[in-house]
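Only the coordinates and a few stated rules stand behind these numbers; no lab work does. As the structure is a computational prediction, the values presented were derived from the model and not from experiment. Cβ sites come from the backbone with ideal geometry, for glycine too, and all protein chains shown count toward neighbours.
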Amino acid sequence: MKKFRWKLERVLDITAQREKVLRSELFALAQAVVRVRRAIVERRTALRVLLEEMGRRPLADRLAEQAVVMAYSAGEQRELRRLDARLAELEAERARKRKRFLQTRSMRETLERMREQAREDYLRQVAKREQSEFDEQAHIAFARKAAPSPAAVLE
């Protein structure tokens, strides 16, 4: 029996590889999003703690350090806006990658269904061909048995 070969096997292989790469890229983007979110939370927490400490200090001590703390606070707010923008970029990129990943996975699954259908068709054709050969052999065997032998014809 001839081995089953599907014409689109290479396309399926490439699609599966592409899906694997997109999955790893999605994972890397998810890790980057987590890192940025953690940085945002850490900076906001540190800023809140600093401002609460300043609020608990006596007025005389607070006035001397207030200008420095406010400048630091403004810088942290700029950094937080930058991190928020970076987070939005990462989320948008992750959404695009996820969409591409889902399309690629859908294409791979479709190709796998098509390959399985082609394989089933191939196996049906092989079984039909084998059955046809068995039928032909049975007809030939029957015809030989039913036909008079050459020795019987001479008598």
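Of the residues Ala85, Ala147, Met70, the one whose Cα sits farthest towards the positive end of the charge dipole of the chain is Met70 (charges of +1 on Lys and Arg Cβ, -1 on Asp and Glu Cβ, taken about the Cα centre). Seen from all directions on average, the chain presents a Cα convex hull projection of 14.6 nm².
Coupling constants for segment 37-52 follow from the phi torsions by the Karplus curve (6.51 cos²θ - 1.76 cosθ + 1.60, θ = phi - 60°), and in residue order they are 4, 4, 4, 4, 4, 4, 5, 5, 5, 4, 5, 4, 4, 4, 5, 5 Hz; glycine and proline get x.
Only Cα pairs within less than 10 Å get springs; with that Gaussian network setup on the chain, which residue of Glu120, Glu25, Glu91 has the largest fluctuation? Comparing Glu120, Glu25, Glu91 in the GNM, the peak value goes to Glu120.
Short-range pairs are left out: with C-alpha atoms under 8 Å and at least six residues apart, the relative contact order of the chain is 46 percent. If only the Cβ of Lys and Arg carry +1 and only the Cβ of Asp and Glu carry -1, the dipole of the chain around its Cα centre is close to 420 debye.
Label zone of Glu89 (point 7 Å out along Cα→Cβ, amide N under 19 Å): in segment 1-40 this covers 25-40.
Taking Glu130, Glu116, Glu19 in turn, the Gaussian network model of the chain (Cα-Cα springs below 10 Å) assigns the largest fluctuation to Glu130. Picking from Thr15, Thr104, Thr45, which is most flexible by a Gaussian network model of the chain using Cα springs under 10 Å? Maximum fluctuation in the GNM of the chain, among the listed residues, is at Thr45. Using r as the Cβ-Cβ distance of Lys128 and Val21, and R0 as 35 Å, what FRET efficiency do you calculate, to the nearest 0.05? That pair, Lys128 with Val21, gives E of 0.30.
Residue-wise HN-Hα couplings along segment 82-94, as the Karplus relation 6.51 cos²θ - 1.76 cosθ + 1.60 with θ = phi - 60° gives them from phi, are 5, 5, 5, 5, 4, 4, 4, 4, 5, 5, 5, 5, 5 Hz; Gly and Pro carry x.
Residues in segment 55-70 carry Karplus couplings, in order, of x, 7, 6, x, 4, 5, 6, 5, 4, 5, 9, 4, 5, 5, 5, 5 Hz; the curve used is 6.51 cos²θ - 1.76 cosθ + 1.60 with θ = phi - 60°, and Gly or Pro positions show x.
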